1. Take region 166-194 and flag every residue that is buried (at least 17 other Cβ atoms within 10 Å of the Cβ) and charged (D, E, K, R).
2. So, in region 101-128, how many residues would count as being farther than 15 Å from Val317 by Cα and either in contact with a Gly (Cβ under 7 Å, 6 or more places away or on another chain) or at pLDDT 90 or above (or both)?
3. Which members of region 482-494 meet the condition of being open to solvent by 30 Å² or more (accessible area, probe 1.4 Å), closer than 17 Å to Phe86 by Cβ and assigned to a helix (DSSP H, G or I)?
4. Given (1) within 13 Å of Met339 (Cα to Cα); (2) of a type in the set (S, T, N, Q); (3) open to solvent by 10 Å² or more (accessible area, probe 1.4 Å), identify the lone condition not met by Gln53.
5. Trp96 - would you say it is surrounded by fewer than 24 Cβ atoms within 10 Å (Cβ to Cβ), at pLDDT 95 or above and not charged (D, E, K, R)?
6. Take the residues in region 352-379 that are of a type outside the set (A, V, I, L, M) and surrounded by fewer than 17 Cβ atoms within 10 Å (Cβ to Cβ), then tell me which one is nearest to the chain's Cα centre (by Cα).
7. For residues that are in contact (Cβ under 8 Å) with a residue 24 or more places away in the chain and either of a type in the set (Phe, Trp, Tyr) or surrounded by fewer than 17 Cβ atoms within 10 Å (Cβ to Cβ) (or both), tally how many sit in region 290-304.
8. Give the residues of region 181-202 that are touching a residue at least 60 places away in the same chain (Cβ under 8 Å) and under 21 Å from Gly284 (Cα atoms), sorted by residue number.
Amino acid sequence: MTTTKSATGLSKKGLSAGSVGLIGAIVIGISCIAPAYTMTAALGPTVSEVGLQVPAIILVGFIPMLLVAFGYRELNRAMPDSGTSFTWATRAFGPWIGWMAGWGLIAATILVLSNLAGIAVDFFYLMLAQIFNNPDLADLALNPVINVVTCLAFMLGATAISYRDMRTTQKVQYVLVGFQLLVLILFGVVAFVHVANGTAFDATPISLEWFNPFAVESFSAFAAGLSLSIFIFWGWDVTLTMNEETKGSRSTPGRAATLTVIIIVVLYLLIATASISFAGIGTGESGLGNEDIQGNVFFALAGPVLGPLAILVSIAVLSSSAASLQSTFVSPARTLLAMGHYGALPSNFARVSPRFLTPGYATIVSSVVASAFYAIMRFISEDVLWDTITALGMMISFYYGITAFAVVWYFRKQLLASARNFFFQLLFPLLGGVILAVLFFTTIIDSMDPDYGSGSNIGGVGLVFILGMAVILSGIVIMIVQAVRRPAFFRGQTLSRGVSDGTEDDALDELPV
């Protein structure tokens with residue numbers, strides 16, 4: 001296979017072009033976000049931070065995501081490349097910042113992969129306990145050996161599907177995503193019916209105050225809630241990493257990203273308002289303020305809301321985590337592929353499966369690293385595992401923020417050429433980037449507190465801060481090693497820095513492979 005590059009170094013990488021349409025991209029985007037899993041895990045902690053203002057925090061978290069999605073769309077229109085944040089930040093700011101943007105995406109997604117597998121294990125045994133009416137089966141997930149073995153089995157299955165062509169991925173996702181969306185909508189509608197009929201646990205009338213972010217008691221609580229809110233939206237950018245495999249690589253991925261974020265915010269508002277209206281935020285048995293149920297809200301509310309159909313919720317969360325486990329492989333594998341392709345990592349990462357036209361080597365490496373991380377952390381401490389997820393808010397803000405600022409800097413010569421450019425290439429991504437930067441540094445400062453996250457600390461310093469800094473510093477160390485071994489990329493020889501002046505066309509659509 002020979003690949004023709006443009007003057008900037010951008011080129012196609014041998015992936016299966018035109019195999020993903022708009023609907024397929026949206027479905028995979030929703031799958032990666034995993035709404036059933038994220039809501040059952042994040043709703044309780046968000047209530048503990050901001051109380052009734054959960055809908056407001058969801059809307060506030062939605063704003064930077066939408067603003068950044070607009071910026072991603074602009075970069076994809078100019079440079080549709082599977083490396084996304086890595087490639088775009090390199091073109092805008094040079095190889096060093098670009099490498100770290102790619103590292104932020106890879107680290108975040110691989111760490112999430114391990115935790116998604118863990119959630120799938122928990123709900124697998126919860127589902128078996130419900131099916132066989134045997135609560136002891138749920139306790140099997142607490143056994144580290146059984147837990148890790150089951151987790152590795154889920155990871156192996158997800159890897160096998162991800163290794164195959166994108167059409168296989170789409171077929172699996174249509175089923176899993178469709179089912180979880182139907183169950184979530186059913187849950188929300190039935191919860192409101194209970195409220196209307198007077199059969200809710202703690203009926204709480206919906207108020208406009210729920211949507212007022214200024215009603216949150218403190219900025220610290222606001223920032224903590226916002227960090228959780230951004231986490232529940234994270235994953236929509238997978239639609240962009242598939243751009244070289246999407247029909248209409250210039251426009252479809254950006255459109256899919258925007259529609260995915262909008263669909264998710266509507267779904268989240270439905271579930272959040274329905275849950276609060278049904279259960280209230282008190283500390284009673286089913287109240288969302290009850291710490292005993294905050295880690296798994298849907299499992300606690302499924303019975304009271306859906307009665308004999310409660311098992312559907314467990315299956316929905318299981319399918320959500322399993323679907324996301326599989327679709328989340330898309331982003332790190334394609335970013336690693338791009339980094340190998342442009343010489344920022346060993347050339348092995350640039351390998352594409354000749355049969356399936358997918359980044360086979362990068363997919364397997366992602367799976368092995370995520371599996372090893374989960375197995376090690378699971379035997380060390382569950383707190384470490386969950387604090388890692390908390391630290392992800394830091395990593396998400398890090399690489400999303402860099403990409404948002406890359407929009408402004410890359411298009412700097414044409415920002416005032418039209419009203420459209422002003423809003424979509426300057427104002428929107430700049431605001432999104434500033435919000436994420438503030439959140440990034442706020443999280444760094446707050447996470448130093450030993451009580452932050454699970455309350456675990458080392459030497460009086462919060463474990464979340466230590467984990468977050470360890471991820472970033474390890475990326476810097478690996479980058480320096482790669483710079484010594486592969487200097488061409490870091491000299492700008494394989495992927496050059498550039499700027500758009502309104503006439504430059506870096507698009508890959510016409511480049512032969």
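1. none
2. Residues meeting the conditions: 7.
3. Matches in region 482-494: Ala488 only.
4. Result: Gln53 fails condition (1) only.
5. Considered against the rule, which asks whether it is surrounded by fewer than 24 Cβ atoms within 10 Å (Cβ to Cβ), at pLDDT 95 or above and not charged (D, E, K, R), Trp96 comes out as yes.
6. Phe379
7. 4
8. Listed by number, the residues that qualify are Phe187, Gly188, Val190, Ala191, Phe192, His194, Val195, Ala200, Phe201, Asp202.
The values are calculated or read from the model by the stated rules, or taken from the named source; none is laboratory data. On a predicted model such as this, the values are computed, not experimentally measured, just so you know. Cβ sites come from the backbone with ideal geometry, for glycine too, and all protein chains shown count toward neighbours. Only protein heavy atoms, including side chains, enter the accessible area calculation; ligands, DNA and RNA are left aside. Shrake-Rupley method; radii C 1.70, N 1.55, O 1.52, S 1.80 Å.
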